[in-house]
Amino acid sequence: MTLRVLPGGRDQGGPGLLVRGAAEVVTMTGGLRRGASQDDPAAITADASSGGPTGPRAPAVAAWGGRIVAVGPLDEVTARLSAEGLDAERFAVVDARGGMVTPGLIDPHTHLLFAGTREGELRLRQRGAGDLERAASAEQLHAHGRRWLDEMLGHGVTTIEAKSGYGLDVETELRLLEVLGVLGDEGPVEIVPTFLGAHAVPAEYRDRPDGTEAYVRRVIGEQLPAIELQGIARFCDVFCERGVFSAEQSRRILEAGIRHGLAPRLHADELAPSGGAELAAELGAVSADHLAAPSREGMAALVRAAGSPHPVVATLLPATSLYLMKERDAPGRTLIDRGVPVALGTDFNPGTSPTPNLPLVLSLACLRLKLTPAEALAAVTINAAHAVGLGETHGALEPGRVADLVVWDASSHEVLPYWLGADLARVVVKGGAVVLARG
Ligand SMILES: [Zn+2]
């Protein structure tokens, strides 16, 4: 197998792209999934009546100018193109060769940028997290980010959320966001940047009795105004956890973030019930992440929010629980059964989840959280899009949305989580351009 990462579509010969020859196209149309609808992938299949994947009524996807223009049986798609005055003969063609097509995967929770790995945990604890990142130059962070973004792309990921939070001082936090902005502009993987100044209490504050409170004041008074001025971050995140930042401190930071134009999201109840789920519901956060140990009240708050026009997406990170060797996982099955929209992310980070492989997380969600393959796929497409504020433009294959899609070496969506850790992404399309092709 050869793997080619192509420049942003410049060799496509035109803005039109037609994907045909698929056994199944998973569209995920119909908006945010919650409850029973999370199990509906809105798939179009090439059955015998359609003549199989090479037949005239096999499912196809057409894109023009970076957007989806038609999805459906091939004859209807080409008729639609003619009606729009577009010549299908001049479209670049991607032959799915009997594979499956899905929206590009979205990883809604990563810590993309860090310096150094954590094999030597003890040495790092002695130095205090943040030291390595403070020493890393923008060039070093950029090279690291580029290396892992390319790997994520190879797994079919076209958009990620990525957090600052390894600097814990204003200068390094700004540098991390700056690099995220550059990497996102370069593409092809799109990046939604999040400010996570309240990731941990820096070492120099930890020994002071009022250290956490002093650092919270620093995040609010010094970091947030600088982050707003820089204008790169879209979200403000907090590590709301017993012994780190309390729900009350998290609320103050997230409310200050809102005043600075940053939408709230949070690390909630990862290790112990800490009021994080309750706070997410109260603030109308876009996403509450981890949720491995929510309280009964926290679950009830998420269920109530799920019935509102702006539900909190529960972004679950099962690779982290696995890597930490935890017995307890997030209650993914219960959340879906009670109507809470669920998304899945890698939590890519050096300490607790060093994996860039989102399809692997899909498998873990089926094995450990008891999600169905369709529920897990919705969790990394349309629901993940909502979890990063892109729910109206990304995460589904329907006319008007950005043309991000993946051709998989799999005949149906049920095959995807079956192969544990395999590389099944064959062709990746971002903004209507082929950006990766295997074989
Ligand atoms: Zn995280």
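Quick notes on this one:
- Among residues other than Gly165 with Cβ under 10 Å from its Cβ, the summed charge is -2 (Lys and Arg +1, Asp and Glu -1).
- Dimensionless Rg over Rh [the chain; C-alpha; Kirkwood]: 0.98
- Under a 5 Å amide H cut-off, with hydrogens placed 1.01 Å from N, Ala410 pairs with Met100 among residues at least 5 apart or on other chains.
- Asp95/His310 FRET efficiency (R0 45 Å; Cβ-Cβ; nearest 0.05): 0.65
- Normalised by the number of residues in the chain, the mean separation of alpha-carbon contacts (under 8 Å, six or more apart) gives a relative contact order of 22 percent.
- Three semi-axes of the equivalent ellipsoid, region 304-406, Cα gyration tensor, whole Å, largest first: 23, 17, 12
- Region 243-379: C-alpha pair distances exceeding 19 Å, %: 47 percent
- For Val313, the amide hydrogen comes within under 5 Å of the amide hydrogens of Ser287, Ala288, counting only partners 5 or more places away or on other chains and with H modelled in the peptide plane.
- Selection of trypsin sites (Lys or Arg not before Pro), region 290-350, meeting DSSP coil and at most 10 other Cβ within 10 Å: Arg328
- Along region 232-242 the Karplus relation, 6.51 cos²θ - 1.76 cosθ + 1.60 evaluated at θ = phi - 60°, assigns HN-Hα couplings of 9, 5, 9, 10, 10, 10, 9, 8, 7, 7, 3 Hz to successive residues, with x for each Gly and Pro.
- Whether region 346-439 is rounded, prolate or oblate, judged on the alpha carbon gyration tensor where a/c under 1.5 counts as rounded: rounded
- Around Leu266: net Lys/Arg minus Asp/Glu count, Cβ-Cβ under 9 Å: -1
- Order of exposure, largest accessible area first, which applies to Trp408, Trp64, Trp419, Trp148 with probe 1.4 Å: Trp419, Trp64, Trp148, Trp408
- Dimensions of region 256-315 based on its C-alpha atoms, expressed as ranges along the principal axes with the largest first, amount to 31, 25, 16 Å.
- With a Förster radius of 41 Å applied to the beta-carbon distance between Arg67 and Leu324, the computed FRET efficiency rounds to 0.50.
The values are calculated or read from the model by the stated rules, or taken from the named source; none is laboratory data. These numbers come from a predicted model, not from an experiment. Because the Cβ atoms are built from the backbone with ideal geometry, glycine has one as well, and the counts that use them run over all protein chains shown. Surface areas here come from the heavy atoms of the whole protein model, side chains and all, with no ligands, DNA or RNA. Shrake-Rupley method; radii C 1.70, N 1.55, O 1.52, S 1.80 Å.
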